[in-house]
Amino acid sequence: MAKLLTCVLLIVALFFVFLDSCCLLNAVGTMIPSVESETCYQIHPEILCDQGHVEPKCLPFCKQKFGPKAGGQCIDQPGFESPFCACDYPC
């Protein structure tokens with residue numbers, strides 16, 4: 001059990017190192033990319049995808065929240081019920 005917990009913590013730590021190297025993560029879960037990028041991302045673990053499909057929940061949610069140019073994708077993330085919705089939209 002301790003080995004499993006250590007492995008999970010290592011994966012989470014590596015994920016946050018990756019986030020730190022590519023973008024900033026603020027308190028509400030919005031991932032803000034570097035200044036060079038024109039696309040912003042926001043994860044929504046509360047919006048679960050139906051068998052990994054962006055329809056009927058994820059894509060309509062993203063478009064309603066961020067406008068018609070927004071996109072959505074379903075992602076898996078350790079520590080969250082998966083897959084869940086991630087929105088991308090023009091910054």
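Coordinate-derived values only; no laboratory data. Note that this is a predicted model, so its numbers are computed, not measured. Neighbour counts run over all protein chains shown; Cβ positions are idealised from the backbone, glycine included.
Listed values for the range 84-91 are Karplus-derived 3J(HN,Hα) couplings in whole Hz (6.51 cos²θ - 1.76 cosθ + 1.60, θ = phi - 60°), namely 10, 7, 10, 9, 10, 7, x, 5, and x replaces Gly and Pro. Using the Cβ-Cβ distance between residue 46 and residue 91 with R0 set to 35 Å, the FRET efficiency works out to roughly 0.95.
A simple spin-label model places the labels of residue 39 and residue 73 0.6 nm from each other, with each point 7 Å out along Cα-to-Cβ. In this structure the amide hydrogen of residue 72, modeled in the peptide plane, comes within under 5 Å of the amide hydrogens of 88, none closer than 5 places in sequence on its chain.
In a DSSP loop and with at most 15 other Cβ atoms within 10 Å, the chymotrypsin sites (Phe, Trp or Tyr not before Pro) in the range 44-91 are 80.
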